[in-house]
Amino acid sequence: MSALAAGDVACLQLRLKDEVGEIDQAATRKLAETVLRPVQEAGVALVINDSPALALELGADGVHLGPTDMSVSEARKLLGPDAIVGASAKDSYHAAMEAGEAGADYVAFGAFYPTKTKAETTPASPDLLSNWQAMTELPCVAIGGITLENARPLIAAGADFLAVSSGIWDADCGPAAAIAGFNALFDELARAGD
């Protein structure tokens, strides 16, 4: 939990998959029992990957949905108006617009770089982010292989948030220093834009 104190972290997503790529509900429940309270006490939202029903059961703050998961509108009905509902749009403005119209709180584009987290990804270009920012106010998240070394163009293109896994947990500098580094990049680019 010390990593969460190193800078602004909007949410922690639990994304635990089994051998066939489905959410590992038992492992997610077990980890959520350990991290839910301290994460929320740190002012960070806990989001469950793929399963609105499990998010509801666990008392998580929300869910992140992929294209084959429950629809955004169904998840919103199940979780209520105050829950976070995010949706992957890969490289599709159309999918992103549909998610926003259905009640998503954010859309996620990517993968922007090769990633160890997913075997199959849809390549995305930073212009997705800048075009999205020109079209709408719905926040966008950049996903996929993001590290301190390659994040700058995504932030500059308009990513409101970065979804980072190995770029935090496997960073040579350690998770806390990586979080501080990502925060510094956002701050630097925000100052440059003023």
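The values are calculated or read from the model by the stated rules, or taken from the named source; none is laboratory data. Just so you know, these numbers come straight off a predicted model, no measurement behind them. Using ideal geometry, Cβ is built from the backbone for each residue, glycine included, and neighbour counts are taken over all protein chains shown.
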Self-check item: Subset of region 1-25 (residues that are out of contact with any Asp or Glu (no Cβ under 8 Å at 6 or more places or on another chain) and more than 20 Å from residue 86 (Cβ to Cβ))
Solution: 1, 2, 3, 5, 6, 7, 19, 20
Practice problem: Look at region 1-37 and say how many of its residues are within 19 Å of residue 178 (Cα to Cα) and of a type in the set (S, T, N, Q). | Solution: 2
Practice problem: Tell me which of these residue 72 doesn't satisfy, since it passes every other one: (1) more than 24 Å from residue 146 (Cα to Cα); (2) modelled with pLDDT under 95. | Solution: (2)
Quiz prompt | Residue among 164, 141, 107 that is in contact with a strand residue (DSSP E or B) (Cβ under 9 Å, 6 or more places away or on another chain) and within 19 Å of residue 16 (Cα to Cα) | solution = 164
Quiz item: Taking residue 47 and the conditions (1) assigned to a loop (DSSP other than H, G, I, E, B); (2) crowded, with 17+ Cβ neighbours inside 10 Å, which numbered condition does it fall short on, given that it satisfies the others?
Solution: (1)
Quiz item: For region 56-70, does any single residue satisfy the condition of being touching a residue at least 24 places away in the same chain (Cβ under 8 Å), touching a Leu at 6+ places or on another chain (Cβ under 7 Å), under 18 Å from residue 18 (Cα atoms) and not aliphatic (A, V, I, L, M)?
Solution: no
Self-check item: Residues that are closer than 15 Å to residue 51 by Cα and among the hydroxyl-bearing types (Ser, Thr, Tyr), drawn from region 1-38
Solution: 28
Quiz prompt | Single residue of 38, 81, 67 found to be in a loop (DSSP other than H, G, I, E, B), at negative phi and either at pLDDT 95 or above or more than 17 Å from the chain's Cα centre (by Cα) (or both) | solution = 81
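Determine, yes or no, whether residue 98 is among the charged types (D, E, K, R), buried (at least 17 other Cβ atoms within 10 Å of the Cβ) and over 15 Å from the mean Cα position of the chain (by Cα).
In short, yes.
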Exercise. May I ask you to list pairs of residues, at least six apart or on different chains, whose Cβ atoms are under 6 Å apart, with the first in region 151-162 being without any contact (Cβ under 8 Å) to a residue 60 or more places away in the chain and the second being part of a helix (DSSP H, G or I) and among the hydroxyl-bearing types (Ser, Thr, Tyr)?
Key: 157/130; 158/130
Practice problem: Test each condition in (1) out of contact with any Leu (no Cβ under 8 Å at 6 or more places or on another chain); (2) small (Gly, Ala, Ser); (3) closer than 24 Å to residue 38 by Cα for residue 102 and report the one that comes out false. | Solution: (3)
Exercise. Can you work out which of the residues in region 101-120 that are under 22 Å from residue 71 (Cβ atoms) and modelled with pLDDT under 95 is surrounded by the fewest Cβ atoms within 10 Å (Cβ to Cβ)?
Key: 120
